[in-house]
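Structure, as structure tokens:
No value in this document is a laboratory result; all are computed from the given coordinates. Remember, it's a predicted structure, so these values are computed and weren't measured experimentally. Quick reminder, even Gly has a Cβ in these numbers, built from the backbone with ideal geometry, and neighbours come from all protein chains shown.
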Amino acid sequence: MIIGVGTDMVDIRRIEKSAERFKTAFYSRIYTDAERAACDSRAGRKKISAYAMRFAAKEACSKALGTGLRQGVFWRDMENANLPSGQPVMRLTGGALERLRALTPAGFRPVVNVSLTDEYPYALAFVVISAEVE
Ligand SMILES: CC(C)(COP(=O)(O)OP(=O)(O)OC[C@H]1O[C@@H](n2cnc3c(N)ncnc32)[C@H](O)[C@@H]1OP(=O)(O)O)[C@@H](O)C(=O)NCCC(=O)NCCS
């Protein structure tokens, strides 16, 4: 069953400006080391698009959790990764994981599904949290 949905659209140029203005502080506040390594491995414009899609994913996930970036849910608690196939996944830790566990009914396990896309200058993410019988 579905227990949360969230979506977010980001202007890639806004992410670019924040990154230029705040430099390392921007990246280290929002992204985990693994996310930064994955995005930094992309060439040219694909790099900032990768950061923007992952930014949107975090906001979408925070909405699916029903909190936003509040109530102990922080940016780096929601880590984007990819399966070997390229499919995006999100790994939750800290306050986001606590919230996810609180949302999940007893006897179920949570699954965070994520889909990302970009078409310059926009990046978009969609997150669906479901609960499956253990
Ligand atoms: C929920 C949150 C993620 C919304 O993000 P936003 O970019 O400000 O706004 P968006 O236009 O994407 O989304 C707004 C909509 O989110 C939804 N929303 C608000 N609170 C929500 C919550 N707790 N759970 C789920 N959805 C929520 C609402 O539908 C809202 O629209 P409405 O007020 O007209 O009903 C925001 O509360 C938040 O925590 N933002 C942090 C942003 C931030 O820190 N930015 C700094 C950049 S470095």
Query - ALA37 versus LYS17: modelled label distance in nm, points set 7 Å from Cα along the beta carbon direction - result: 3.3 nm
Report summary line: Checking LYS17, LYS46, LYS58 against a Gaussian network model of the chain (alpha-carbon springs below 10 Å), the top fluctuating residue turns out to be LYS17
Report task. Pick out, from CYS39, THR117, LEU92, the residue whose Cα sits farthest towards the positive end of the charge dipole of the chain, with +1 on the Cβ of Lys and Arg and -1 on the Cβ of Asp and Glu. Result -> CYS39
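Taking the Cα centre of the stretch 2-133 as the origin, how large is its charge dipole in debye, to the nearest 20, when only Lys and Arg (+1) and Asp and Glu (-1) carry charge on their Cβ atoms?
Value, rounded to 20: 300 debye.
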Query - Of ALA60, ALA50, ALA37, the one that fluctuates the most in a GNM where the chain has Cα springs shorter than 10 Å - result: ALA37
Report summary line: Amide H neighbours of GLY4 at under 5 Å, excluding residues fewer than 5 places away on the same chain, with H built from the backbone geometry, are ILE129
Query - With Cα atoms, 0 to 90° folded angle of helix 12-22 axis to the chain main axis - result: 70 degrees
Report summary line: Gyration tensor on Cα atoms of the chain, a ≥ b ≥ c root eigenvalues, a/c under 1.5 rounded, else prolate if a/b beats b/c, else oblate, says prolate
Query raised in the report: Reachable lysines from LYS17, Cα under 21 Å, same-chain residues fewer than 8 places away excluded?
Result: LYS46, LYS47, LYS58
Requested in this report: Mind giving me the nanometre distance, one decimal, between the label points for MET1 and ARG29, set 7 Å out from Cα along Cα→Cβ?
Outcome: 3.9 nm
Report task. Work out from phi, with θ = phi - 60° and the Karplus expression 6.51 cos²θ - 1.76 cosθ + 1.60, the ³J(HN,Hα) of each residue of the stretch 117-131, listed in order in whole Hz, and give x for Gly and Pro. Result -> 8, 8, 8, 3, x, 10, 10, 9, 9, 9, 10, 10, 9, 10, 10
Query raised in the report: Is the stretch 51-111 rounded, prolate or oblate when judged by the Cα gyration tensor, a ≥ b ≥ c being the square roots of its eigenvalues, rounded requiring a/c under 1.5 and prolate requiring a/b larger than b/c?
Result: oblate
